[in-house]
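Right, one structure below, let's go through it.
Values quoted throughout were computed directly from the atomic coordinates according to the rules given, and no laboratory measurement underlies them. None of the values given here were measured: they were computed from a predicted structure. Neighbour counts are summed over all protein chains in view; Cβ atoms, including those assigned to glycine, are modelled from backbone coordinates with ideal geometry.
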Amino acid sequence: MKTKPKPNDVDAVIGTNLRLIRKTRGLSQVELAEALDITFQQVQKYEQGKNRVSASRLYDAAKVLDCNLMNFYDGLYDDEGAQHHRRSANLNRVDRITMQIVGLLNSIEDQDVKKKLLLFLKSLSLRNKS
């Protein structure tokens with residue numbers, strides 16, 4: 001009798017990237033789950049790397065999140081998953097508003113506008129420090 005393969009490090013990287021992309025789009029786990037017609041608990045398990053994500057479910061998630069399918073695999077070829085672990089640690093420190101700002105910035109295609117926004121944010125940050 002065959003058993004289902006257990007989640008591994010690849011599943012953990014995919015889960016971390018799923019969480020990062022979802023947060024940059026400003027979606028909750030519940031909202032993503034509804035769009036994928038699954039429970040939010042299943043989204044949690046995917047993001048924690050406890051359950052494997054099927055290829056078709058990953059494809060559907062990429063469509064819902066409006067991202068490239070390969071974005072879920074970012075960090076797989078880094079030395080021993082160092083990028084994956086850094087990203088996981090950073091996600092725990094980033095709040096929802098920051099993730100929404102990142103998502104909105106990613107949606108801007110004009111690089112000149114992005115550069116001007118960066119200068120504006122830097123000036124706000126400097127004013128905040130003084």
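Below, the figures for the structure above:
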item: Under 13 Å, Cβ to Cβ, from LEU65 - net charge with Lys/Arg +1 and Asp/Glu -1; result: +2
item: Under 5 Å, built H, 5+ apart or other chain: amide partners of GLY75; result: none
item: Backbone HN-Hα couplings from phi across the stretch 21-34 [Karplus 6.51/-1.76/1.60, Hz, Gly and Pro as x]; result: 5, 4, 5, 5, 8, x, 9, 7, 4, 5, 5, 5, 4, 4
item: Per-residue HN-Hα couplings for the stretch 109-126 [Karplus 6.51, -1.76, 1.60; θ = phi - 60°; Hz; x = Gly/Pro]; result: 8, 6, 5, 5, 5, 4, 5, 5, 5, 4, 4, 4, 5, 4, 5, 4, 5, 5
item: Theoretical gain in end-to-end length, LEU126 to VAL10 [0.36 nm per residue, Cα-Cα removed]; result: 37.8 nm
